[in-house]
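K.L.:
First the structure, then my questions, so here it is.
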Number of protein chains: 2
Amino acid sequence: MARRKSIKEIDTEFEAFKTKVGERMKELRLERGYNSYEQFAFDNDIGRAQYGKYERGSEDLRLSSLYKILKAMDISFTDFFKRIN
Amino acid sequence: MARRKSIKEIDTEFEAFKTKVGERMKELRLERGYNSYEQFAFDNDIGRAQYGKYERGSEDLRLSSLYKILKAMDISFTDFFKRIN
């Protein structure tokens, strides 16, 4: 059986994962014609400063926030994560 | 263009989504031979009471918590969400 990863290892991996999630959000936002993340957030009732943190990968966002963003981008969780993990 | 959903509609939809996420966790936990969610949580350094809320769909969990659980279950985000959304 594979050695179980330490909490520290998982935390480090999660940091990289969070960055990829942010990059994926930015990629999808640009694909949908939004050059400004503030405009995208404003148009979709999402806090602009908060959304900026999500894209920079500096926030451990809640499932409800991710749900709202993916609804606004009209993409499923499966397709969103396909390119990440 | 499709009518944009109201915040209330998205919130209601999210409640149903959260329940499905919890049910999927339970299904995967049982598949991995854990009849007790407490034992699964204990073996994987996850708070037992907290994990119980996730399975009941009563907690808006953070991405880091979901990441840790899916690592423990050895399943990707894509495969986890395939059966949900």
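K.L.:
Compute the FRET efficiency between A:Q50 and B:E31 as 1/(1 + (r/R0)^6), taking r as their Cβ-Cβ distance and R0 = 41 Å, and round to the nearest 0.05.
P.N.:
0.70
K.L.:
Report the Stokes-Einstein translational diffusion coefficient (µm² s⁻¹, integer) for chain A, Rh taken as the Kirkwood radius over Cα pairs, at 4 °C with viscosity 1.567 mPa s.
P.N.:
Estimated via Stokes-Einstein, D reaches 95 µm²/s.
K.L.:
From the label point of A:I7, set 7 Å from Cα along Cα→Cβ, how far away are the matching label points in the other copies, in nm, ordered shortest to longest?
P.N.:
Taking the point 7 Å beyond Cα along Cα→Cβ, the inter-copy spacings are 3.6 nm.
K.L.:
Let me ask something else. I'd like the distance separating the alpha-carbon centroids of region B:13-67 and region A:51-74, in whole Å.
P.N.:
21 Å
K.L.:
Shifting gears a bit: Give the cross-link partners of A:K53 among the lysines, using a straight C-alpha distance below 16 Å as the criterion and excluding same-chain residues fewer than 8 apart.
P.N.:
A:K18, A:K20, A:K26, A:K68
K.L.:
Also, quick follow-up: Given only helices, namely DSSP H runs of n ≥ 4 each adding -39500 (n - 2.57), what is the per-residue ellipticity at 222 nm of the protein assembly as shown, to the nearest 500 deg cm²/dmol?
P.N.:
When only DSSP H runs of four or more count, the value is -21000 deg cm²/dmol.
K.L.:
Here's a follow-up. Compare the Cα positions of B:A72, B:V21, B:A49 along the charge dipole of chain B (+1 at Cβ of Lys, Arg; -1 at Cβ of Asp, Glu; about the Cα centre) and return the one farthest towards the positive end.
P.N.:
Most positive-ward Cα: B:V21.
K.L.:
Per the 1.4 Å probe, what fraction of the accessible area of the protein assembly as shown, in percent, lies on carbon and sulfur atoms?
P.N.:
Of the solvent-accessible surface of the protein assembly as shown, carbon and sulfur hold 49 percent.
K.L.:
Total Å² of accessible surface buried at the A-B contact, 1.4 Å probe, nearest 100?
P.N.:
Chain pair A/B: roughly 2700 Å² of buried accessible area.
K.L.:
Report which residues of region A:61-83 become buried by 40 Å² or more of accessible surface when going from the isolated chain to the complete set of protein chains (1.4 Å probe; DNA, RNA and ligands ignored).
P.N.:
Buried by the other chains: A:R62, A:L63, A:S64, A:Y67, A:K68, A:K71, A:F77, A:T78, A:F81.
K.L.:
So, one more: Taking the solvent-accessible surface of protein heavy atoms with a 1.4 Å probe, what is the per residue accessible area of chain A in Å²?
P.N.:
56 Å²
K.L.:
Taking θ as phi - 60°, what are the ³J(HN,Hα) couplings along region A:44-59 by the Karplus curve (6.51, -1.76, 1.60), each to the nearest whole Hz, with x for Gly and Pro?
P.N.:
Residue by residue, region A:44-59 yields 10, 6, 10, x, 5, 4, 4, 5, x, 5, 4, 5, 7, x, 9, 10 Hz.
K.L.:
Take the residue pairs A:K82/B:K8; A:K8/A:K71; A:K8/B:K8 and return only those whose Cα atoms are more than 31 Å apart.
P.N.:
Exceeds cut-off: A:K8/A:K71; A:K8/B:K8.
The values are calculated or read from the model by the stated rules, or taken from the named source; none is laboratory data. Treat the numbers as computed from the prediction; the structure is a model and nothing was measured. Glycine also receives a Cβ, built like all others from the backbone with ideal geometry; neighbour counts cover every protein chain displayed. Only protein heavy atoms, including side chains, enter the accessible area calculation; ligands, DNA and RNA are left aside. Shrake-Rupley method; radii C 1.70, N 1.55, O 1.52, S 1.80 Å.
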